[in-house]
Every structure is written in C-alpha cells, then in structure tokens.
Amino acid sequence: MRTKPGLKYLTYAVALAMCGGASAAGWNEAGGEQDEAMLLTPDRERGIAVYEVCSACHLLEGWGLKDGTFPQLAGQHRSVLIKQLADIRARNRDNPTMYPFALDDQIMAASGFHEGEIKPAQLVADVTAYITKLPMNPENGKGLWAEGTPEFEQGKKLYADNCTQCHGDVGEGNEEKFYPRIQGQHYNYMLRQFEWIRDGKRRNANPDMVKQIQEFSDKDMQMVINWTSRAPVSKGMLAPSADYQNPDYD
Ligand code: HEC
Ligand code: HEC
C-alpha cells in the first residue's frame, strides 16, 4: 500500500496517541509496582497468608482447574507472576473475576492489613515468591491428540517454527525475559489466552508474539496448544502425585 507522506505521519501520530508510544520495547515497561515488587525482599509467612485468598480459585496447590477457568500458577516464573499480577491490578489485563480479590483494598484486607500498614507491592513480592516454588500438577489438562497422531506432530512442528525463540525448546519460558512457562499448563486456559492474544483481546500481550501468530488458523492453534499441554516438564518441578496436598495449609 502506498500512502502520502503526510498521511503516513498522521497514522503514526494516531498510533502513538492510542497506545502511548507502546512498541515491542514498551510492552514490558509497566514500571511502578512491577519494578518495585521485583526488588523487595519477600517474606514466606506473609506469602502463605496472602495466597490463602488466591486459593479460592487457583486452589491451595496452585494448580487451577483442568477445564481452564483458572490457570495453574504453581511453578510459573516469578517475574511472570509479578508482571501478570501487576498488569491485572493496574487493569492492563482484563480479569473481572479476580479484581475483587486482587485490587489494593482487597489484597490488603484479605491478608489482614489496613491501609498504610504495608505497601501492596510488598504483598505482591511475598505471594509471588511463595507461588513460584509450589510443585506443579503432574496431571494438567491436555489437548485431544496423543503422541503419534498427525495433529500432535503438526503441533510440534508449529511450536518449533514459531515459539521456541521465546518460550524455549519445551515451553519452559524464560525468567529474565518475562516469558511464561507454558509446559504443564492446562490446555483450555492456554487455548483461550492464545486466541485472545492472536485476536488482540489480551491487552498486555507481547506485540512480537501477536505478529508471530497472526496467520494461525483455529486448527493450527489447537494443534500447537495440544503440543504445549503435552510438552515434558522436568520431574523436579512436579508434585509426587495428583493426590498431593499443600502441607502449608494443614
Ligand atoms: C475469584 C477467582 C480468583 C481469585 C480469588 C484469584 N484469581 Fe488469579 N486468576 C483468576 C482467573 C479467572 C484468571 C485467568 C483470567 C484469564 O483467563 O485471562 C487468573 C489469572 C491469574 C494470573 C495470570 C496467570 C498467567 O498464567 O498469566 C496470576 C498471576 C494470578 N491470577 C494470580 C492471583 C493471585 C496472586 C491471587 C491472590 C491475590 C489471585 N490470582 C486470586 C481468578 C482468580
Ligand atoms: C516474541 C516472543 C514470543 C513468541 C514468538 C511467542 N510467545 Fe507466547 N508469550 C510471550 C509473552 C511475553 C507472553 C506473556 C504475555 C504478557 O506479557 O501478557 C506470552 C504468552 C503466551 C501464552 C499465555 C500464557 C499464560 O500463562 O497466560 C501462551 C499459551 C503462549 N504465549 C503460547 C505461545 C505459542 C504456542 C507460541 C508459538 C506459536 C508463542 N506463544 C509465541 C512471548 C512469545
């Protein structure tokens, strides 16, 4: 498409105004609470107290639900937990179900603090340090296609061609770069997020990922997420069995 120079500048200015100058580099410049929480020293006991609130949906084990309503949080990189929680709290990622529990007043009250007694960023630091160390569900929700089926193989190939540069060889993600661990996550949750990211509904998504997956059909999406839901998780990250119960809440 050819555009007149004037028009091009106008488009650029409008784009800038609309997204506050956000570019690939701007995607992770939340600053504020995210940066603050990353630097604070976490306290385990407070983390346990705050997490009790979260467990109403994410379960005491941090495993979420196989049907994908609630994501598994256990084992997620701490940087990712902090970014996502900070984005949700800043309403930069829509999550109306969670707001009543995660916005300032609620996260404080629920963990027994009053305004002025502690900074919310401290509670974010505490709870995320606790969650990241929880062992993961050894039986996460998986897609339909078992290893050996053509769809499994196609999903594996799509993954290798489009996802490894960020999410790693087997979906392990990257702590330093804020890329989520997606191995061991529930299929239905990932499918929803992937679709929202592709279609621009998840507002805090990495713009490079959005670009990378634009051409994915619904079937491609199902096949690649089928593969990530079945990607191997290292034994050390997993709970010993699906009957495991979090001993911190006896
Ligand atoms: C009322 C239910 C509910 C409660 C309570 C709740 N959450 Fe959530 N949380 C959700 C839902 C639903 C999602 C997924 C939203 C979506 O599909 O985009 C989510 C997503 C998240 C995510 C993003 C995960 C990812 O993989 O990107 C994080 C992090 C998170 N919650 C942390 C917490 C913490 C910490 C608490 C406690 C302070 C908490 N949640 C309390 C419902 C809840
Ligand atoms: C350029 C880097 C990049 C590429 C390429 C990429 N992703 Fe992502 N992906 C991310 C980042 C960063 C997030 C977290 C977005 C955010 O900040 O909210 C994410 C989020 C996700 C999520 C949601 C995770 C959660 O816990 O909510 C899924 C599922 C996902 N990616 C799957 C994929 C798959 C499958 C591919 C390949 C087809 C892919 N991604 C390619 C960077 C990337």
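Quick check on T128: is it closer than 18 Å to T41 by Cα, of a type in the set (S, T, Y) and modelled with pLDDT of 95 or more? Yes: the conditions hold for T128. In segment 65-97, what residues are more than 13 Å from ligand 2 (Cβ to nearest atom) and within 16 Å of Y189 (Cβ to Cβ)? Those that are more than 13 Å from ligand 2 (Cβ to nearest atom) and within 16 Å of Y189 (Cβ to Cβ): L65, K66, D67, T69, T97.
Among the residues that make up segment 96-110, is at least one of them hydroxyl-bearing (S, T, Y), surrounded by fewer than 18 Cβ atoms within 10 Å (Cβ to Cβ) and away from ligand 1 (no atom under 11 Å from the Cβ)? Within segment 96-110, not a single residue is hydroxyl-bearing (S, T, Y), surrounded by fewer than 18 Cβ atoms within 10 Å (Cβ to Cβ) and away from ligand 1 (no atom under 11 Å from the Cβ). Per the listing E172, E117, the residue uniquely assigned to a loop (DSSP other than H, G, I, E, B), out of contact with any helix residue (DSSP H, G or I) (no Cβ under 7 Å at 6 or more places or on another chain) and over 29 Å from I213 (Cβ atoms) is E117. Every residue in segment 211-250 that is part of a helix (DSSP H, G or I) and either touching a strand residue (DSSP E or B) at 6+ places or on another chain (Cβ under 8 Å) or of a type in the set (A, V, I, L, M, F, W, C) (or both), please. Result: M221, M223, V224, I225, W227, M237.
Within segment 48-60, residues that are within 16 Å of ligand 2 (Cβ to nearest atom) reach partners that are β-branched (V, I, T) with beta carbons closer than 8 Å, at six or more positions or on different chains, in the pairs C54/V127; C54/I131; C57/T69; C57/T97. Residues that are modelled with pLDDT of 90 or more, surrounded by fewer than 13 Cβ atoms within 10 Å (Cβ to Cβ) and more than 23 Å from Q72 (Cα to Cα) within segment 16-56 comprise L39, T41, listed in sequence order.
The values are calculated or read from the model by the stated rules, or taken from the named source; none is laboratory data. What you see is a predicted model; the values in this text were computed from it and never measured. Virtual Cβ from ideal backbone geometry, glycine too; neighbours counted across all protein chains shown.
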